[in-house]
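Heads up: the structure comes next, in structure tokens.
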Amino acid sequence: MATENINFESPRGWRLAGRYMLLAVVTAVVLFPVYTTVIAALKPGDKVLQNPLVPDAFTLDGFSDAWTAGHLDRYLLNSFVVATVITIVQLVTSVVSAYAFAMLDFPGRGVLFVVFLATLLVPFEATLVVNRRTVDSLGWLNSYQGLAVPFLATAFGTFLMRQVFLGMPLDLRDAAAIDGVGHLGFLRHVGIPLVRPTLGALALFSFLGSWNQYLWPNLITTEDDMNTVQSGLRLLRSSALDEPNLLMAATIIAAIPIVVVLLLFQRQLVRGLTAGAVKG
Amino acid sequence: MLALVAAGLLAAACGNGETILNAGNEPATTLPVEAPATLPPVDTLAPGDTLAPGETVPPDDTRPPSTTLPPPTTTTIPLADLAECPVDALDEGSGTVELTLWHGLNAESETALTKLTDAYNASQSEVRVELQNQGNYSQTIDKYVQSSQGSRPDVVIFPEYVVQQTADSDSVIPVAACVEESGYDTSTFQPSTLTAYSTAGVQWGMPLGVSNPVLYYNKLVFEAAGLDPEIPPRSLDEVRQFSQQIVDSGAASYGIAVDSGTDSGGGWFLEQWLANEGELYADNGNGRLAPATRVLYDQPPGVELLTYVQQLITDGLAFNVGDNAGGTDTFFKLADESAPAAMTIGTSAALGTVIAALGGGLIPGLTVDDIGVGAMPGPGPTPTALVGGNALFIVKDKGDEKAAAAWDYITYAVSPEAQSQYVTDTGYAPVRADALDVEPALSKYASDPRFRVAYDQLIASPDDPALQGPILGPQREVRGVTARAVAEIFNGGDVQAALSAAATQANLLIADYAARN
């Protein structure tokens, strides 16, 4: 952060000082749980509840125990596979459907799109039990299919990408058609390169969303080996009830991938939040 | 300053019913077991449902059951009508039979179950049991109920309060069929433990471990308050006296930590306390003579009881930790550095975990020997306890070999030797008396009397069928609404109003369940 000299002579300087004070307080509040988690994770088990806020002992045992006893390696792999599959397929389904809604003229397009959007209004919790029964009867409990398939298409992605395609001049499509390029060819050579920034934001959202899923994996996993990080953490909480340092270490390990992704793709995330806000 | 912050943090964490251990994790998410969409209209309810608050019920319902109750013959189901148990099918099979077992045990209880199962797997080559932890009881029940029969495990461990529901689900082989088929001898079992897993005269599950609530207390605080650390209070009245002395002497900030958790202070303990007074929790002999139609805890005994506990909180003698979702908040209140409580009531099954945690030095300044265990104090003059804990159920339609293998595993798990080890590792009471004649429980019970408290109060409890606790179809859901009422009461709400409202909801649940089954 660049240092800035605050001029206390002027009212503007005082305002600035006040603003930084406020920011400092808010930051402290937000970071406090993170701080206690890190402190607890780095302490040996018998010191965690002793001076819980003071880093007076240091060990990495919590991390190694969490990794081995907590099966975090397996959970992380599962989370990674599931989140990657969901992200890639969501991108494909979103782009293809958004392209159709934005650039193709077919009867019932408007109605269909509204129906599509209406699914956004049905919370996942409402379809949870039915989805679970379906997955069960397909024999997909404890499988990657079961974890991923219900999330392969999303109305949000379609909506987001449609907004971008709407801003794309139809002349581009016409020119491509004259050159004899089909729909998929157009998408590959013209469409996708042009919407790449939004696509990146969507990918980030999809990945974060599926990585952080808790309820669904928890419901359809009954075998330890198929737990994702989030449902695995829950199991670990139960079995390591009396080892707070191990739990905290596991929480940190589970959070690291997300933090890395966020740091790398911060720009896309911000862009994604504002995408579609202004048409064009 | 730091201590202040820590105290605030702990208090805040406790206020949410979350311990520092669970911070950052979602509380257990439970789904409705059966879609409650079809609540019957009010006019089809049983007559008792529309009782106004304070209105009295016919005296025969509120009085302790007399010994002349008719035996529950009217609802007995002949075993021949139920799934068969092919106990000999294992001998005909070839190769190893793989069994999956779902459970929801935590910490030392899980470790002990793993130890037991590993020993079983090593003891023979025909059956291999794989344990699959589903997180907790609630999750285990939810996943079981939602799964198709094919996706269910071969064996499942359920707590006692879902016996009726399991029986009605028609998804298990009653253990009684296996007992009869193999001529298994249950004469040394505690009769009440077998009754706890029976409905309509049929035993559905084989009890694995018996737990009941016991009093955990800090001996150091007792000493500091001038109390004898070897003599815990034996009734709620004594809890009040002791707490007063502890608070007055400044030995601790509170006498006792209470909670409103579903499977503890909000639900389970109320069942225990009413039985301790000789009062019924539900009509029709707690649902044991015929299916219950309504709960009775909104009657004067229940109201008086909870008013008494509420008063403890109001007077600053008890501290309410909230819904205690992780089951650890009350224990941590004993170790709270700034405002500790001296006692709490918790399941005896936690004893192994408490001892392991203290042995590992988790709590500064508190060693394994500083924690005392006493019988559960109740409204009556002497402590009693209902059978809690869990039992093994054999899931049906998995093939004869698996059923036989499951029975083989069960007979191993309840053998005196396995039981002896299991209770030593956990704090559960054994389901059979002769488990205490063999090591290691033989010496454990002699050397550490804390381990035998749960067992002693179990065998001291009267063997009256109607006093064996309620058995309701939607018992878990009823506990849920009851716990919400208790939470309201502990937060200062009107006792009668809260209990009446909860009873109305509970009765709806019961009527709805009856309509569907």
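The values are calculated or read from the model by the stated rules, or taken from the named source; none is laboratory data. Just so it is clear, the model here is predicted, and its values are computed rather than measured. As a convention, Cβ positions derive from the backbone with ideal geometry for all residues, glycine included, and neighbour counts pool all protein chains shown.
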Based on this model, can you work out whether B:V175 counts as farther than 30 Å from B:A375 by Cα, more than 14 Å from chain A (Cβ to nearest Cβ) and touching a residue at least 40 places away in the same chain (Cβ under 8 Å)? yes
Filter pass, B:Q146 being under 23 Å from the mean Cα position of the chain (by Cα), within 14 Å of chain A (Cβ to nearest Cβ) and closer than 30 Å to B:G359 by Cβ: no
Which condition number does A:L264 fail, the rest of (1) surrounded by 14 or more Cβ atoms within 10 Å (Cβ to Cβ); (2) more than 14 Å from every other protein chain (Cβ to nearest Cβ); (3) of a type outside the set (V, I, T) being met? (1)
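Okay, residues lined up against (1) among the aliphatic types (A, V, I, L, M); (2) farther than 20 Å from B:G374 by Cβ; (3) assigned to a helix (DSSP H, G or I):
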| site | (1), (2), (3) |
| --- | --- |
| B:A275 | yes, no, yes |
| B:G285 | no, yes, yes |
| B:L289 | yes, yes, no |
| B:A292 | yes, yes, no |
| B:V303 | yes, yes, yes |
| B:Y308 | no, no, yes |
Could you please let me know if B:Y184 is touching a Ser or Thr at 6+ places or on another chain (Cβ under 8 Å) and surrounded by fewer than 19 Cβ atoms within 10 Å (Cβ to Cβ)? yes
Any pair with Cβ under 6 angstrom, 6 or more apart, that starts in region B:286-311 at a residue that is of a type in the set (D, E) and ends at one that is buried (at least 22 other Cβ atoms within 10 Å of the Cβ) and at pLDDT 90 or above: B:D298/B:L499; B:D298/B:A503
Can you go through A:L112, A:L49, A:L91, A:L53 and tell me which one is more than 14 Å from chain B (Cβ to nearest Cβ) and in contact with a Phe, Trp or Tyr (Cβ under 9 Å, 6 or more places away or on another chain)? A:L112
Looking at A:V195, A:V278, A:V190, A:V181 in this structure, which one is more than 14 Å from chain B (Cβ to nearest Cβ), within 28 Å of A:A148 (Cα to Cα) and modelled with pLDDT under 90? A:V195
Region A:32-144: helices (runs of 4 or more DSSP H) wholly inside it with 1 or more residues that are more than 30 Å from A:L170 (Cα to Cα) are A:61-69, A:72-103, A:124-137
Residue hits (region A:171-184; more than 18 Å from A:S97 (Cβ to Cβ) and part of a helix (DSSP H, G or I)) are A:D171, A:L172, A:D174, A:A175, A:A176, A:A177, A:I178
Qualifying positions in region A:194-210 - of a type in the set (A, V, I, L, M, F, W, C), within 24 Å of A:R234 (Cβ to Cβ) and either free of Cβ contacts under 8 Å to residues at least 12 places away in the same chain or touching a Ser or Thr at 6+ places or on another chain (Cβ under 6 Å) (or both): A:F207
Pairs with Cβ under 8 Å, 6+ apart, first in region B:253-270 and more than 18 Å from B:K219 (Cα to Cα), second at pLDDT 90 or above and acidic (D, E): B:G265/B:D259; B:G266/B:D259
Is it true that B:V453 is touching a helix residue (DSSP H, G or I) at 6+ places or on another chain (Cβ under 6 Å) and either part of a helix (DSSP H, G or I) or on the phi < 0 side of the Ramachandran plot (or both)? no
Selection from region B:190-237 of residues in the same structural domain as B:G255 (by TED's automatic domain parsing) and part of a helix (DSSP H, G or I) yields B:K219, B:L220, B:V221, B:F222, B:E223, B:A224, B:L236, B:D237
Among the listed residues B:Q505, B:Q468, B:Q496, identify the single one that is polar (S, T, N, Q), free of Cβ contacts under 8 Å to residues at least 60 places away in the same chain and either out of contact with any Cys (no Cβ under 7 Å at 6 or more places or on another chain) or more than 26 Å from B:D142 (Cβ to Cβ) (or both). B:Q505
